[in-house]
Amino acid sequence: MRHLRSIDDVTADDIATIMATATEMHDVQSRQVKKLPALRGRTVINLFFEDSTRTRSSFEIAGKWLSADVINLSAKGSSASKGESLRDTALTVTAMGIDGLVVRHSASGAAHQISGWVDVPVINAGDGTHEHPTQALLDCYTLQRALGDLAGRRVAIVGDLTHSRVFRSNLACLTRLGAQVVGVAPPTLMPAGVGPWSGTDGFEVSNDLDAVLPTVDAVMMLRVQRERMSGGFFPTGREYTVEYGLTRTRLARLGERTPILHPGPMNRGLEISPEAADAASSRVLDQVSAGVAVRMSVLYHLLAGEEA
Ligand code: NCD
């Protein structure tokens, strides 16, 4: 494992190693002194061309708790806003002698491209509608803690599948761990050409949330990504909620033990009701907490100089 650009960069064994290290790293969070020396002397740049709350701050915290120096760069405030190309920006920051690059960009494939230009490990923190591998790893980590081994477990991923890199990475990661995935979306938000995918082992699609919910071990709700939509994908927000929202009524039918996930940011009242977001079975804040541990583990395995 040299880069983490997509879940394709990791085998099932790599995932197991990342999870095991993340479990150890997770303990650091509850300590008073949250520093490990593992990446002392290493420098990581977070290059974020798209907005982020949890991903960027958790990568920053993860790097700092491993004693790396972490620098945050965003498009606004960097020369990218003056028209510098992505390649020039990537080459410029790596020429300073950094050891790793964490990249978020609105173009699908940006992390892959950058990894061909620079000679340091590249971690994809979200590229357009393509992938968000550390999110999938932290989601699977959270699900493993809630459900144990994921082999044979059935997970619904519900919502704006077309625009979701979280969906694509989770589908790859969950099925690699032996879980079954049901993608639930209105026909307009079901990715084009998903037919052949649904032939892959452990994946099916549905337009009927009420039929799917009683059959699953966990539910992952996804944000309706209005900023990536150019037209009317559904008539009104209200109609979307009635058909595809995790409403109070659906929450009551779900049962108290079924974990509810959402990568955030949540549109409360649209894809998820406040009751579901704050339910005892909601794992949303566990996901955030796991995000730091999993990113510590990924940074450690990619940068500490030992093969995972
Ligand atoms: C996601 C993202 O940016 O891809 N959020 C995140 O990283 N936690 C999902 C989203 O924006 O809806």
What per residue convex hull volume, in Å³, do the alpha-carbon atoms of the chain yield? 132 Å³
Sequence-distant lysines (8 or more away, or on other chains) whose Cα lies within less than 29 Å of Lys64: Lys34, Lys35, Lys76
Cross-link reach list, aspartates and glutamates versus Lys82, counting only Cα pairs under 20 Å and skipping chain neighbours closer than eight places: Glu50, Asp51
Net charge (Lys, Arg +1; Asp, Glu -1) of residues whose beta-carbon lies under 11 Å from that of Asp9, Asp9 excluded, is -1
What number, in percent, do you get for the relative contact order of the range 133-287 if the mean sequence gap of Cα pairs under 8 Å and at least 6 apart is divided by its residue count? 24 percent
Tell me the trypsin sites (Lys or Arg not before Pro) within the range 69-161 that lie in a loop according to DSSP and have at most 12 other beta-carbon atoms within 10 Å. Lys76
Folded to 0 to 90 degrees: helix 12-26 orientation relative to the chain principal axis, Cα: 80 degrees
The range 201-308: which trypsin sites (Lys or Arg not before Pro) are DSSP loop and have at most 13 other beta-carbon atoms within 10 angstrom? Arg257
Beyond 21 Å, how much of the Cα-Cα pair distribution for the range 120-269 remains, as a whole percent? 41 percent
Set the Förster distance to 22 Å, then compute FRET efficiency between Ala107 and Val194 from the Cβ-Cβ distance, nearest 0.05. 0.50
According to a simple spin-label model (label point 7 Å from Cα along Cα-to-Cβ), what is the distance in nm between Asn72 and Glu256? 3.9 nm
What Kirkwood hydrodynamic radius, in Å, does the range 182-305 give when the mean of 1/r is taken over all pairs of distinct Cα atoms and then inverted? 16.2 Å
Restricting to Cα pairs below 8 Å that are 6+ residues apart, what does the relative contact order work out to for the chain? Please round to a whole percent. 21 percent
Estimated translational D of the range 31-78 in µm²/s (Stokes, Kirkwood radius over Cα pairs; 20 °C; 1.002 mPa s): 189 µm²/s
Over the Cα atoms of the range 1-71, what Rg and Dmax result, in angstrom? 13.4, 37
So what's the net charge close to Gln287: Lys and Arg +1, Asp and Glu -1, counting the other residues with Cβ under 11 Å from its Cβ? +1
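Since every read-out is calculated from the coordinates, none of them should be taken as a lab result. Please read these numbers as outputs of a predicted model, since none were measured by experiment. Neighbour counts run over all protein chains shown; Cβ positions are idealised from the backbone, glycine included.
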